[in-house]
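Before any comments, here is the structure.
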Amino acid sequence: MNLDIIISLTWGALSGYLILRTLDSALATIFCLHGLLMTRWKRLANKAKPGQIRYSIILQQLLRAVFCGFLFYFLFVIGDNFVLRRFHFNYQESAGLIWGIMAIIVAALLLRASWRRLIRVWKITHEFDYAEKQQRTFLLKK
């Protein structure tokens, strides 16, 4: 019984983090696609208009979000299969309840960082010159 509780707590914490990062990456992907469509629409309306975000910046963020989303989803699936096969973990009864509570607690604790990450992605893909300012600041701190 003690092993079930330890597995539930550990796997709950890990899966809460992995699920949150997967959802976070999915939202970031949606933000990037929205920014890409808005930028494309602005370029079609007026090609010479200053203050447009470069496609390369948005595509770089999109690739990063998609890669992170697949990575965290893949890690979650591997972990789930490992726990099911190796420890015969069951998502029912008290073990499932402990797992769910731990996953919710970890996700709630990391929600603020996830929210900040999403705000940063939104600003990079929707605000002109935000990414360039971040790059210049990074280079100056180096």
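General remarks:
- Exclusive hit being open to solvent by 50 Å² or more (accessible area, probe 1.4 Å) and either farther than 17 Å from ILE7 by Cβ or hydrophobic (A, V, I, L, M, F, W, C) (or both), set PHE67, PHE89: PHE67
- Filter result (part of a loop (DSSP other than H, G, I, E, B) and under 17 Å from CYS32 (Cβ atoms)) within region 89-142: GLU127, PHE128
- Checking TYR130 against (1) open to solvent by less than 80 Å² (accessible area, probe 1.4 Å); (2) in contact (Cβ under 8 Å) with a residue 60 or more places away in the chain; (3) out of contact with any Gly (no Cβ under 9 Å at 6 or more places or on another chain), the condition it does not meet: (2)
- A residue that is out of contact with any Asp or Glu (no Cβ under 7 Å at 6 or more places or on another chain) and within 20 Å of LEU62 (Cβ to Cβ) occurs somewhere in region 73-89.
- TRP41 without any contact (Cβ under 8 Å) to a residue 24 or more places away in the chain and more than 22 Å from GLN135 (Cβ to Cβ): yes
For (1) modelled with pLDDT of 90 or more; (2) of a type in the set (Asp, Glu); (3) out of contact with any Pro (no Cβ under 6 Å at 6 or more places or on another chain), each residue gets a yes or a no:
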residue	(1), (2), (3)
PHE74	yes, no, yes
ALA95	no, no, yes
GLY100	yes, no, yes
GLU127	no, yes, yes
GLN134	no, no, yes
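- Identity of the residue in region 97-126, open to solvent by less than 80 Å² (accessible area, probe 1.4 Å) and without any contact (Cβ under 8 Å) to a residue 40 or more places away in the chain, that ends up farthest from LEU63 (Cα to Cα): ALA108
- Flag if TRP41 is surrounded by 18 or more Cβ atoms within 10 Å (Cβ to Cβ) and assigned to a helix (DSSP H, G or I): no
- Hits in region 17-38 (condition: polar (S, T, N, Q) and free of Cβ contacts under 8 Å to residues at least 40 places away in the same chain): none
The values are calculated or read from the model by the stated rules, or taken from the named source; none is laboratory data. As the structure is a prediction and not an experimental result, all values here were calculated from the model. With ideal geometry, Cβ positions are generated from the backbone for all residues, glycine too; neighbour counts draw on all protein chains shown. The protein model used for the area step is the full one, side chains on, heavy atoms only, and it has no ligands, DNA or RNA in it. Shrake-Rupley method; radii C 1.70, N 1.55, O 1.52, S 1.80 Å.
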